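Student: One structure, pasted below without further comment.
The values are calculated or read from the model by the stated rules, or taken from the named source; none is laboratory data. Note that this is a predicted model, so its numbers are computed, not measured. All Cβ positions, glycine included, derive from the backbone under ideal geometry; neighbour counts span all protein chains shown. Heavy atoms of the whole protein, side chains included, go into the accessibility calculation; ligands, DNA and RNA do not. Shrake-Rupley method; radii C 1.70, N 1.55, O 1.52, S 1.80 Å.
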Amino acid sequence: MNLMKVHIVVPCYDEEAVLPELFERLTRAANSWDLEWNVICVDDGSSDRTWTLLQGQFEKDSRWKAISFSRNFGHQIALSAGIHHCADADAVLLMDADLQDPPEELYRFINAWKDGAEVVYAVREKRKEGPLKRFCYWAFYRLMKKLVSIEIPLDSGDFCLMDAKVVAVINNMPERNRFLRGLRAWSGFKQVGVPYERHSRAAGEAKYTFQKLIKLAADGIFNFSGLPLKLASHMGFWISLISLLGAIFTFLQRVFADQFAQVGLAPVPGFATIVIAILFLGGVQLICLGILGEYLVRIFEEVKQRPPWIIRESCGIDQLKPR
Ligand code: UDP
Ligand code: MG
């Protein structure tokens with residue numbers, strides 16, 4: 001009987017500190033699965049010894065294949081490039097290099113897949129990050145739920161298994177701004193969540209800067225929801241209505257000055273109110289322009305049709321052109 005084949009995609013950015021432990025633990029876990037397996041590590045333009053270590057591991061064990069980018073393209077693009085090279089697998093697993101997503105848990109994904117699930121995603125039960133980061137994640141996932149019409153499961157990251165059918169769909173999506181957990185949910189199929197506890201990093205520092213996290217969150221919202229655009233027009237509508245009422249009120253106040261004065265509403269020359277109104281409207285206009293800008297930038301990115309990533313070198317993999 002032919003064994004089923006899985007590929008594990010691992011993006012690595014300056015991960016020299018954790019790689020030895022990753023090589024050991026992932027190999028040990030994968031050997032216990034009774035499946036044919038390969039790892040595809042994507043070196044996302046690291047400046048440390050990550051690529052040397054990956055090459056060394058390929059020499060030792062040719063199941064550890066690797067791709068090296070010409071520069072840092074970001075986590076989501078590294079994952080996308082890895083998945084792109086997995087067309088021959090029956091299923092693809094995604095995990096981080098830093099062992100926050102323990103390889104020992106992957107067998108649970110595989111079991112769920114064998115039971116018929118087409119996407120198995122991990123749901124984080126506990127996080128080992130600081131309170132501010134935890135709060136941001138919490139708020140982001142709830143905001144997403146309010147804004148986005150497809151069901152993106154709360155607190156699910158990229159740690160997942162995808163059946164070949166789902167991988168084919170994702171590989172055929174031409175968009176460059178990739179928010180994989182959104183694309184994965186959008187694709188449909190039979191999705192199953194598996195709860196797990198997110199560990200802290202095995203070694204090294206987090207490679208996601210605050211800026212990169214904001215970009216990821218913005219991609220999630222603006223790529224999957226048109227609601228912010230509508231929000232702009234809603235805001236515009238309500239503010240115009242309020243100012244119209246204000247204008248009518250002021251007009252009546254002038255015409256019926258005496259009557260208004262009797263009920264204590266005599267016109268007061270108000271410099272402050274005018275300034276506040278102007279600033280407020282100015283702010284709202286800038287927000288609306290900003291929202292338009294967020295979409296415009298994304299359209300611009302797509303229209304340019306630049307390749308989403310560039311591969312410098314690879315070990316054990318035929319380099320495929322990005323779509
Ligand atoms: N990563 C990457 N490119 C980047 C930033 C991160 O490939 O520009 C990889 C990193 O090596 C790790 C994974 O993405 O394997 C998650 O990064 P990190 O642990 O810094 O993120 P966090 O766990 O804090 O969300
Ligand atoms: Mg991490």
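Student: Rounded to whole Å and sorted largest first, what semi-axes of the equivalent ellipsoid does the C-alpha gyration tensor of the range 9-66 yield via the square root of 5 times each eigenvalue?
Tutor: Equivalent ellipsoid semi-axes, largest first: 20, 11, 10 Å.
Student: Determine, from the Cβ-Cβ distance of Ser233 and Thr209 and an R0 of 41 Å, the FRET efficiency 1/(1 + (r/R0)^6), rounded to the nearest 0.05.
Tutor: 0.75
Student: Determine, for each peptide in 28-35, 99-106, the mean count of other beta carbons within 10 angstrom over its residues, then list the peptides with the highest first.
Tutor: 99-106, 28-35
Student: A follow-up question, please. In whole Hz, with x marking every Gly and Pro, tabulate ³J(HN,Hα) for the range 310-323 from phi via Karplus 6.51 cos²θ - 1.76 cosθ + 1.60, θ = phi - 60°.
Tutor: 10, 9, 8, 8, 8, 10, x, 9, 6, 5, 9, 5, x, 4
Student: Over the alpha-carbon set of the range 212-323, divide Rg by the Kirkwood Rh and report the Rg/Rh ratio to two decimals.
Tutor: Radius of gyration over Kirkwood radius for the range 212-323 works out to 1.33.
Student: Please give the peptides 19-25, 133-139 ranked by average Cβ packing (other Cβ atoms within 10 Å per residue), highest first, as a rough proxy for protection.
Tutor: Answer by packing, highest mean first, reads 19-25, 133-139.
Student: Would you tally the net charge around Leu93, using a Cβ to Cβ cut-off of less than 12 Å, leaving Leu93 out, and scoring K and R as +1, D and E as -1?
Tutor: Summing Lys/Arg as +1 and Asp/Glu as -1 gives -4.
Student: For the range 1-148, rounded, prolate or oblate, judged on the Cα gyration tensor with a ≥ b ≥ c (square roots of eigenvalues), a/c < 1.5 rounded, else prolate if a/b > b/c?
Tutor: Oblate is the answer for the range 1-148, as a/c is 1.5 or above yet b/c matches or exceeds a/b.
Student: Okay, moving on. How many times 2.2 N^0.38 Å is the alpha carbon radius of gyration of the range 236-298?
Tutor: Computed over Cα atoms of the range 236-298, the ratio equals 1.58.
Student: Which residue, Leu53, Leu26, Leu286, has the most motion in a Gaussian network model of the chain that connects Cα atoms within less than 10 Å?
Tutor: Maximum fluctuation in the GNM of the chain, among the listed residues, is at Leu286.
Student: For the chain, what % of the accessible area comes from carbon and sulfur atoms, probe 1.4 Å?
Tutor: About 62 percent, which is the carbon plus sulfur part of the accessible surface.
Student: What net charge is computed for the residues neighbouring Glu118, neighbours being all others with C-beta under 14 Å from the C-beta of Glu118, Lys and Arg scored +1, Asp and Glu -1?
Tutor: Charge balance in the 14 Å sphere: +1.
Student: Let me ask you something else. According to the Kirkwood expression over distinct Cα-Cα pairs, how big is the hydrodynamic radius of the chain, in Å?
Tutor: 22.5
Student: Please give the length that would be gained between Val263 and Val123 if that part of the chain were fully extended, namely 0.36 nm times their separation in residues minus their C-alpha to C-alpha distance (nm, one decimal).
Tutor: That works out to 44.3 nm of additional length.
Student: For the chain, what proportion of DSSP beta bridges, expressed in % and rounded to the nearest 5, is antiparallel?
Tutor: 35
Student: Right, something else. From the helices alone, meaning DSSP H stretches of at least four residues, give me the mean residue ellipticity at 222 nm for the chain, per-run term -39500 (n - 2.57), in deg cm²/dmol to the nearest 500.
Tutor: It lands at -16000 deg cm²/dmol.
Student: Right, next: With the Cα gyration tensor of the range 66-208 giving a ≥ b ≥ c as the square roots of its eigenvalues, does the rule (a/c under 1.5 for rounded; else a/b larger than b/c for prolate; else oblate) give rounded, prolate or oblate?
Tutor: rounded
Student: Shape of the range 130-275 from its Cα gyration tensor (a ≥ b ≥ c, root eigenvalues): rounded if a/c is under 1.5, otherwise prolate when a/b > b/c, or oblate?
Tutor: Prolate, because a/c is 1.5 or more and a/b exceeds b/c.
Student: Filter Lys165/Lys190; Lys126/Lys190; Lys5/Lys65; Lys60/Lys114 down to the pairs with a C-alpha to C-alpha distance above 20 Å, please.
Tutor: Listed pairs above 20 Å: Lys126/Lys190; Lys60/Lys114.
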